[in-house]
Amino acid sequence: MSEKNTNSNRREFLTGRVLKNAIEQTGENLADYLSEATEEFAAPAGGATVRLSTHAMATEFAVVMNPGPSQQMTHASDALDLLHNLEQLMTVYRTDSAMSLVNTQAAECPVAVDSQLFDILDLARQICLETEGGFDPSAGPLIALWRECRQQGRIPSQQEIDVCLTHTGIGHFQFDPDAKTIQYRTSENELNLGGIGKGYALDVAGEFLTEQELESWLFYGGFSSILAKGTHNQLPGWPIGIKNPLFTSQRLGTILLQNNALSTSGSSVQHFRHNGKRYGHILDPRTGWPVAELLSVTVIAPTAALADALSTAFYVIGIEKALEYCDNHTEVGTILIPAPTQGRKLSPVIRGIPNEFLFLDRDQLLSQ
(Lines give C-alpha, C1' and ligand atoms only; values in the text may rest on other atoms or scores of the structure.)
Protein backbone atom coordinates (compact mmCIF):
# COMPACT_ATOMS: atom_id res chain seq x y z
CA MET A 1 0.00 0.00 0.00
CA SER A 2 1.39 3.42 -0.93
CA GLU A 3 2.07 6.05 1.70
CA LYS A 4 -0.59 8.26 0.07
CA ASN A 5 -3.25 5.56 0.32
CA THR A 6 -2.20 4.69 3.85
CA ASN A 7 -2.50 8.29 5.01
CA SER A 8 -5.84 8.65 3.22
CA ASN A 9 -7.18 5.54 4.88
CA ARG A 10 -5.94 6.78 8.25
CA ARG A 11 -7.73 10.12 7.81
CA GLU A 12 -10.94 8.34 6.87
CA PHE A 13 -10.54 6.06 9.86
CA LEU A 14 -9.94 8.89 12.32
CA THR A 15 -12.89 10.91 11.01
CA GLY A 16 -15.20 7.96 11.35
CA ARG A 17 -16.09 7.23 7.72
CA VAL A 18 -14.41 3.84 7.82
CA LEU A 19 -15.15 3.26 11.48
CA LYS A 20 -18.89 3.10 10.89
CA ASN A 21 -18.47 0.13 8.57
CA ALA A 22 -15.55 -1.46 10.41
CA ILE A 23 -17.11 -1.94 13.83
CA GLU A 24 -19.58 -4.75 14.26
CA GLN A 25 -21.42 -5.32 17.52
CA THR A 26 -21.92 -9.02 17.05
CA GLY A 27 -23.44 -10.24 20.30
CA GLU A 28 -23.10 -14.00 20.60
CA ASN A 29 -21.86 -14.43 17.03
CA LEU A 30 -18.37 -12.93 16.68
CA ALA A 31 -18.11 -13.73 12.97
CA ASP A 32 -18.78 -16.61 10.61
CA TYR A 33 -15.87 -18.56 12.04
CA LEU A 34 -16.72 -17.98 15.69
CA SER A 35 -19.01 -20.23 17.68
CA GLU A 36 -22.60 -19.67 18.65
CA ALA A 37 -24.12 -21.44 21.66
CA THR A 38 -26.76 -24.06 20.91
CA GLU A 39 -28.97 -26.27 23.00
CA GLU A 40 -27.52 -29.45 21.49
CA PHE A 41 -24.21 -29.20 23.33
CA ALA A 42 -22.71 -26.84 25.88
CA ALA A 43 -20.36 -24.85 23.69
CA PRO A 44 -18.98 -21.52 25.00
CA ALA A 45 -20.55 -18.46 23.39
CA GLY A 46 -19.04 -15.25 22.09
CA GLY A 47 -19.99 -11.79 23.27
CA ALA A 48 -19.92 -8.23 21.93
CA THR A 49 -16.88 -7.28 19.86
CA VAL A 50 -15.51 -4.58 17.59
CA ARG A 51 -13.84 -5.44 14.30
CA LEU A 52 -11.62 -3.70 11.78
CA SER A 53 -10.66 -5.30 8.45
CA THR A 54 -8.73 -4.90 5.22
CA HIS A 55 -8.24 -6.86 2.00
CA ALA A 56 -4.76 -8.26 1.41
CA MET A 57 -3.22 -11.40 -0.09
CA ALA A 58 -6.47 -12.06 -1.98
CA THR A 59 -8.50 -12.43 1.21
CA GLU A 60 -9.95 -10.54 4.15
CA PHE A 61 -7.83 -9.89 7.22
CA ALA A 62 -9.52 -8.61 10.37
CA VAL A 63 -8.79 -7.78 13.98
CA VAL A 64 -11.57 -8.64 16.43
CA MET A 65 -11.40 -7.05 19.89
CA ASN A 66 -13.39 -6.72 23.05
CA PRO A 67 -15.10 -3.30 23.30
CA GLY A 68 -12.69 -0.84 24.88
CA PRO A 69 -10.79 2.44 24.44
CA SER A 70 -10.87 3.97 20.95
CA GLN A 71 -7.07 3.89 20.87
CA GLN A 72 -7.15 0.14 20.30
CA MET A 73 -8.82 0.75 16.93
CA THR A 74 -5.95 3.01 15.89
CA HIS A 75 -3.47 0.26 16.80
CA ALA A 76 -5.56 -2.30 14.91
CA SER A 77 -5.55 -0.04 11.84
CA ASP A 78 -1.77 0.27 12.01
CA ALA A 79 -1.44 -3.52 12.32
CA LEU A 80 -3.59 -4.03 9.24
CA ASP A 81 -1.44 -1.60 7.28
CA LEU A 82 1.57 -3.85 7.91
CA LEU A 83 -0.08 -6.60 5.87
CA HIS A 84 0.21 -4.67 2.62
CA ASN A 85 3.96 -4.28 3.01
CA LEU A 86 4.26 -7.98 3.79
CA GLU A 87 2.23 -8.85 0.71
CA GLN A 88 4.62 -6.84 -1.46
CA LEU A 89 7.48 -8.76 0.14
CA MET A 90 6.12 -12.29 -0.24
CA THR A 91 3.75 -12.46 -3.20
CA VAL A 92 4.68 -14.18 -6.46
CA TYR A 93 1.80 -12.48 -8.29
CA ARG A 94 3.62 -9.14 -8.64
CA THR A 95 6.71 -9.03 -10.81
CA ASP A 96 8.31 -6.32 -8.67
CA SER A 97 7.89 -8.12 -5.33
CA ALA A 98 10.96 -9.25 -3.39
CA MET A 99 9.92 -12.91 -3.76
CA SER A 100 9.45 -12.61 -7.52
CA LEU A 101 12.87 -11.01 -7.89
CA VAL A 102 14.48 -13.88 -5.99
CA ASN A 103 12.69 -16.39 -8.24
CA THR A 104 13.93 -14.53 -11.32
CA GLN A 105 17.57 -14.14 -10.30
CA ALA A 106 18.56 -16.95 -7.93
CA ALA A 107 19.34 -19.54 -10.63
CA GLU A 108 22.17 -17.38 -11.94
CA CYS A 109 24.04 -16.82 -8.66
CA PRO A 110 23.43 -16.56 -4.90
CA VAL A 111 20.96 -13.73 -4.29
CA ALA A 112 20.98 -11.58 -1.17
CA VAL A 113 17.51 -11.75 0.36
CA ASP A 114 15.76 -9.24 2.61
CA SER A 115 16.30 -10.50 6.17
CA GLN A 116 12.59 -10.77 6.92
CA LEU A 117 11.93 -12.66 3.70
CA PHE A 118 14.92 -14.92 4.28
CA ASP A 119 13.64 -15.80 7.77
CA ILE A 120 10.20 -16.91 6.55
CA LEU A 121 11.71 -18.82 3.62
CA ASP A 122 14.13 -20.56 5.97
CA LEU A 123 11.26 -21.42 8.33
CA ALA A 124 9.38 -22.93 5.37
CA ARG A 125 12.51 -24.93 4.50
CA GLN A 126 12.81 -26.24 8.06
CA ILE A 127 9.14 -27.29 8.19
CA CYS A 128 9.56 -29.02 4.85
CA LEU A 129 12.43 -31.07 6.25
CA GLU A 130 10.63 -31.84 9.54
CA THR A 131 7.51 -33.06 7.72
CA GLU A 132 9.48 -35.11 5.18
CA GLY A 133 8.22 -32.96 2.33
CA GLY A 134 4.57 -32.92 3.37
CA PHE A 135 4.79 -29.13 3.27
CA ASP A 136 7.01 -27.90 0.44
CA PRO A 137 7.37 -24.23 -0.60
CA SER A 138 8.91 -25.37 -3.91
CA ALA A 139 5.77 -27.14 -5.19
CA GLY A 140 4.67 -24.18 -7.34
CA PRO A 141 5.26 -25.94 -10.70
CA LEU A 142 2.95 -28.78 -9.66
CA ILE A 143 0.26 -26.38 -8.47
CA ALA A 144 0.49 -24.42 -11.73
CA LEU A 145 0.23 -27.63 -13.78
CA TRP A 146 -2.93 -28.77 -12.02
CA ARG A 147 -4.46 -25.30 -12.25
CA GLU A 148 -3.84 -25.20 -16.00
CA CYS A 149 -5.21 -28.71 -16.51
CA ARG A 150 -8.30 -27.92 -14.49
CA GLN A 151 -8.98 -24.90 -16.71
CA GLN A 152 -8.63 -27.21 -19.71
CA GLY A 153 -11.05 -29.73 -18.22
CA ARG A 154 -8.51 -32.53 -17.86
CA ILE A 155 -6.06 -34.03 -15.41
CA PRO A 156 -2.31 -33.99 -16.03
CA SER A 157 -0.49 -36.99 -17.40
CA GLN A 158 2.06 -38.80 -15.29
CA GLN A 159 4.72 -37.61 -17.71
CA GLU A 160 3.74 -33.98 -17.11
CA ILE A 161 3.82 -34.55 -13.36
CA ASP A 162 7.22 -36.24 -13.57
CA VAL A 163 8.66 -33.25 -15.41
CA CYS A 164 7.45 -30.95 -12.62
CA LEU A 165 8.85 -33.26 -9.95
CA THR A 166 12.33 -32.86 -11.44
CA HIS A 167 12.10 -29.16 -10.53
CA THR A 168 10.59 -29.44 -7.05
CA GLY A 169 11.98 -30.46 -3.67
CA ILE A 170 13.83 -28.37 -1.12
CA GLY A 171 17.14 -29.98 -2.12
CA HIS A 172 17.16 -27.73 -5.20
CA PHE A 173 17.76 -24.66 -3.04
CA GLN A 174 20.94 -23.62 -1.24
CA PHE A 175 20.38 -21.42 1.81
CA ASP A 176 23.24 -19.50 3.45
CA PRO A 177 22.00 -18.26 6.85
CA ASP A 178 25.13 -16.19 7.53
CA ALA A 179 25.10 -14.28 4.25
CA LYS A 180 21.28 -14.52 3.96
CA THR A 181 21.52 -15.64 0.36
CA ILE A 182 19.65 -18.27 -1.64
CA GLN A 183 20.67 -19.96 -4.86
CA TYR A 184 18.50 -22.17 -7.10
CA ARG A 185 19.80 -25.20 -8.97
CA THR A 186 17.95 -24.39 -12.22
CA SER A 187 15.83 -21.62 -13.69
CA GLU A 188 12.79 -23.92 -13.43
CA ASN A 189 12.96 -23.83 -9.62
CA GLU A 190 10.79 -21.42 -7.64
CA LEU A 191 9.73 -20.76 -4.09
CA ASN A 192 6.17 -19.81 -3.13
CA LEU A 193 4.98 -18.81 0.35
CA GLY A 194 1.29 -19.36 -0.39
CA GLY A 195 1.00 -22.09 2.25
CA ILE A 196 2.61 -20.12 5.07
CA GLY A 197 2.53 -16.43 4.11
CA LYS A 198 -0.85 -15.54 5.60
CA GLY A 199 0.13 -17.08 8.91
CA TYR A 200 3.44 -15.25 8.94
CA ALA A 201 1.64 -11.98 8.25
CA LEU A 202 -0.65 -12.63 11.21
CA ASP A 203 2.36 -13.28 13.44
CA VAL A 204 4.03 -10.00 12.44
CA ALA A 205 0.84 -7.96 12.86
CA GLY A 206 0.04 -9.75 16.13
CA GLU A 207 3.51 -8.95 17.47
CA PHE A 208 2.82 -5.29 16.71
CA LEU A 209 -0.43 -5.39 18.71
CA THR A 210 1.40 -6.99 21.61
CA GLU A 211 4.02 -4.23 21.49
CA GLN A 212 1.16 -1.72 21.78
CA GLU A 213 0.10 -3.54 24.98
CA LEU A 214 -3.24 -4.78 23.64
CA GLU A 215 -4.03 -7.69 25.92
CA SER A 216 -6.93 -9.43 24.16
CA TRP A 217 -7.63 -9.73 20.44
CA LEU A 218 -8.25 -12.19 17.65
CA PHE A 219 -6.62 -11.73 14.24
CA TYR A 220 -7.65 -13.77 11.21
CA GLY A 221 -6.68 -14.06 7.55
CA GLY A 222 -9.42 -15.67 5.49
CA PHE A 223 -11.34 -18.15 7.61
CA SER A 224 -8.59 -20.75 7.85
CA SER A 225 -5.80 -18.86 9.66
CA ILE A 226 -6.39 -17.41 13.12
CA LEU A 227 -4.15 -15.97 15.84
CA ALA A 228 -5.61 -15.18 19.26
CA LYS A 229 -4.37 -13.56 22.43
CA GLY A 230 -6.00 -13.10 25.80
CA THR A 231 -9.60 -13.78 26.73
CA HIS A 232 -13.13 -12.98 25.61
CA ASN A 233 -16.55 -12.90 27.26
CA GLN A 234 -15.17 -14.20 30.59
CA LEU A 235 -13.86 -17.31 28.85
CA PRO A 236 -10.29 -18.67 29.01
CA GLY A 237 -9.76 -17.80 25.36
CA TRP A 238 -11.64 -16.98 22.17
CA PRO A 239 -14.33 -19.46 20.97
CA ILE A 240 -13.62 -20.65 17.42
CA GLY A 241 -16.15 -22.71 15.50
CA ILE A 242 -15.05 -25.92 13.75
CA LYS A 243 -17.09 -26.83 10.68
CA ASN A 244 -18.27 -30.31 9.82
CA PRO A 245 -16.21 -31.09 6.66
CA LEU A 246 -19.05 -33.21 5.25
CA PHE A 247 -21.72 -30.56 5.82
CA THR A 248 -19.91 -27.24 5.93
CA SER A 249 -22.99 -25.31 7.03
CA GLN A 250 -22.99 -27.30 10.28
CA ARG A 251 -20.72 -26.57 13.23
CA LEU A 252 -19.01 -29.70 14.51
CA GLY A 253 -17.68 -28.05 17.63
CA THR A 254 -15.91 -25.15 19.28
CA ILE A 255 -12.35 -24.72 20.46
CA LEU A 256 -11.14 -22.08 22.90
CA LEU A 257 -8.02 -20.39 21.56
CA GLN A 258 -5.74 -18.37 23.83
CA ASN A 259 -2.21 -17.17 23.03
CA ASN A 260 -2.08 -19.63 20.17
CA ALA A 261 -2.82 -19.94 16.47
CA LEU A 262 -5.20 -22.19 14.56
CA SER A 263 -5.27 -23.26 10.92
CA THR A 264 -7.56 -25.62 9.04
CA SER A 265 -6.94 -27.39 5.73
CA GLY A 266 -9.32 -29.53 3.70
CA SER A 267 -10.72 -30.10 0.24
CA SER A 268 -14.44 -30.09 0.98
CA VAL A 269 -14.84 -26.72 -0.75
CA GLN A 270 -11.98 -26.55 -3.27
CA HIS A 271 -12.10 -29.58 -5.54
CA PHE A 272 -13.16 -30.61 -9.03
CA ARG A 273 -14.47 -33.71 -10.77
CA HIS A 274 -13.19 -35.35 -13.92
CA ASN A 275 -14.78 -38.43 -15.47
CA GLY A 276 -16.76 -38.99 -12.29
CA LYS A 277 -13.74 -38.88 -9.97
CA ARG A 278 -13.23 -36.20 -7.33
CA TYR A 279 -9.85 -34.44 -7.06
CA GLY A 280 -9.01 -32.19 -4.12
CA HIS A 281 -6.85 -29.07 -4.38
CA ILE A 282 -4.18 -30.18 -1.88
CA LEU A 283 -1.33 -31.97 -3.63
CA ASP A 284 1.26 -34.32 -2.22
CA PRO A 285 4.47 -32.52 -3.28
CA ARG A 286 6.30 -35.83 -3.26
CA THR A 287 4.05 -37.55 -5.83
CA GLY A 288 2.37 -34.63 -7.59
CA TRP A 289 -1.14 -36.07 -7.06
CA PRO A 290 -3.99 -34.86 -4.82
CA VAL A 291 -4.33 -36.53 -1.43
CA ALA A 292 -7.62 -37.84 -0.06
CA GLU A 293 -7.08 -39.76 3.20
CA LEU A 294 -8.45 -36.95 5.39
CA LEU A 295 -11.49 -34.72 5.11
CA SER A 296 -9.94 -31.93 7.16
CA VAL A 297 -7.07 -31.08 9.47
CA THR A 298 -7.06 -28.46 12.21
CA VAL A 299 -3.75 -27.53 13.87
CA ILE A 300 -3.13 -25.52 17.02
CA ALA A 301 0.41 -24.11 17.28
CA PRO A 302 2.33 -21.27 18.98
CA THR A 303 2.54 -19.26 15.75
CA ALA A 304 0.18 -18.81 12.83
CA ALA A 305 2.95 -19.51 10.31
CA LEU A 306 3.63 -22.90 11.89
CA ALA A 307 -0.10 -23.71 12.16
CA ASP A 308 -0.62 -22.81 8.48
CA ALA A 309 2.22 -24.96 7.20
CA LEU A 310 1.46 -27.91 9.47
CA SER A 311 -2.25 -28.06 8.60
CA THR A 312 -1.23 -28.62 4.99
CA ALA A 313 1.61 -30.99 5.91
CA PHE A 314 -0.59 -33.14 8.17
CA TYR A 315 -3.23 -33.38 5.46
CA VAL A 316 -0.54 -34.71 3.13
CA ILE A 317 1.42 -37.05 5.42
CA GLY A 318 -1.68 -38.60 7.04
CA ILE A 319 -2.75 -39.60 10.51
CA GLU A 320 0.16 -41.76 11.66
CA LYS A 321 2.90 -39.28 10.71
CA ALA A 322 0.88 -36.30 11.97
CA LEU A 323 0.44 -37.89 15.39
CA GLU A 324 4.14 -38.75 15.47
CA TYR A 325 4.97 -35.10 14.79
CA CYS A 326 2.71 -33.94 17.64
CA ASP A 327 4.27 -36.47 20.01
CA ASN A 328 7.69 -35.00 19.19
CA HIS A 329 6.47 -31.38 19.33
CA THR A 330 4.21 -31.16 22.36
CA GLU A 331 3.42 -27.49 21.72
CA VAL A 332 1.41 -28.56 18.66
CA GLY A 333 -2.10 -30.04 18.79
CA THR A 334 -4.33 -31.35 16.03
CA ILE A 335 -7.79 -32.56 15.07
CA LEU A 336 -7.63 -35.01 12.16
CA ILE A 337 -10.91 -35.99 10.53
CA PRO A 338 -10.80 -39.00 8.17
CA ALA A 339 -13.60 -39.85 5.79
CA PRO A 340 -16.19 -42.08 7.51
CA THR A 341 -16.08 -45.73 6.52
CA GLN A 342 -19.86 -45.89 6.70
CA GLY A 343 -22.70 -43.46 7.32
CA ARG A 344 -22.23 -39.76 7.89
CA LYS A 345 -20.91 -39.60 11.43
CA LEU A 346 -17.30 -38.62 12.00
CA SER A 347 -14.47 -40.09 14.05
CA PRO A 348 -11.97 -37.28 14.74
CA VAL A 349 -8.46 -38.20 15.85
CA ILE A 350 -7.33 -35.66 18.44
CA ARG A 351 -3.87 -35.12 19.88
CA GLY A 352 -2.47 -32.41 22.14
CA ILE A 353 -5.67 -30.42 22.76
CA PRO A 354 -6.95 -30.45 26.38
CA ASN A 355 -10.57 -31.54 26.80
CA GLU A 356 -11.45 -28.36 28.67
CA PHE A 357 -10.68 -26.31 25.56
CA LEU A 358 -12.55 -28.48 23.04
CA PHE A 359 -16.33 -28.87 22.75
CA LEU A 360 -17.64 -31.29 20.11
CA ASP A 361 -21.23 -32.06 19.15
CA ARG A 362 -21.47 -35.75 20.07
CA ASP A 363 -24.54 -36.21 17.89
CA GLN A 364 -22.31 -35.76 14.83
CA LEU A 365 -19.69 -38.24 16.02
CA LEU A 366 -19.50 -41.99 15.67
CA SER A 367 -19.76 -43.63 19.08
CA GLN A 368 -16.42 -44.95 20.23
Segment ALA339-GLN71, length gained on full extension (0.36 nm per residue, minus Cα span): 91.8 nm
Using θ = phi - 60° and Karplus 6.51 cos²θ - 1.76 cosθ + 1.60, couplings along the stretch 115-127 (whole Hz; Gly, Pro as x): 4, 5, 5, 4, 4, 6, 5, 5, 4, 4, 4, 5, 5
Please list the non-local residues whose amide H lies under 5 Å from the amide H of GLN258, H modeled 1.01 Å from N, same-chain partners needing a gap of 5 or more. TRP238
Within the chain, what whole-number % of the accessible surface is contributed by carbon and sulfur, with the 1.4 Å probe and all protein chains included in the calculation? 48
Which trypsin sites (Lys or Arg not before Pro) in the stretch 311-350 sit in a loop by DSSP (not H, G, I, E or B) and have at most 12 other Cβ atoms within 10 Å of their own Cβ? ARG344
Built amide H within the under 5 Å cut-off of LEU366, gap 5+: LEU346, SER347
Using the Cα centre of the chain as origin and beta-carbon charges of +1 (Lys, Arg) and -1 (Asp, Glu), tell me which of THR131, THR254, ILE226 is placed farthest towards the positive end of the dipole. THR254
Given 0.36 nm per residue, what is the gain on full extension from THR210 to ASP119 after removing their alpha carbon distance, in nm? 30.7 nm
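With a ≥ b ≥ c the root eigenvalues of the C-alpha gyration tensor of the stretch 114-242, is it rounded (a/c under 1.5), prolate (a/b larger than b/c) or oblate?
Because a/c hits 1.5 or more and a/b fails to exceed b/c, the stretch 114-242 counts as oblate.
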Cα gyration tensor category, rounded, prolate or oblate, for the stretch 320-368 with a/c compared to 1.5: oblate
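Over 29 Å between Cα atoms: which of LYS243/LYS277; LYS180/LYS321; LYS198/LYS345 fall into that group?
LYS180/LYS321; LYS198/LYS345
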What whole-number value in Å² describes the accessible area per residue of the stretch 158-231 for a 1.4 Å probe? 44
Could you tell me the calculated FRET efficiency between THR166 and LEU365, based on Cβ-Cβ distance and R0 = 41 angstrom, to the nearest 0.05? 0.40
Between THR248 and GLU293, what is the spin-label point distance in nm, taking each point 7 Å from the Cα along the Cα→C-beta axis? 2.4
Length gained, GLU130-HIS55, 0.36 nm per residue minus C-alpha separation, equals 23.8 nm
Run the dipole for the chain about the Cα centre, Lys and Arg Cβ at +1, Asp and Glu Cβ at -1, nothing else charged, and hand back the magnitude in debye, nearest 20. 1180
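The values are calculated or read from the model by the stated rules, or taken from the named source; none is laboratory data. In this text, all values refer to a predicted model and were calculated from it rather than measured experimentally. Counting neighbours? That spans all protein chains shown, and the Cβs are built from the backbone with ideal geometry, glycine included. SASA here: full protein model, heavy atoms, side chains in, ligands and nucleic acids out. Shrake-Rupley method; radii C 1.70, N 1.55, O 1.52, S 1.80 Å.
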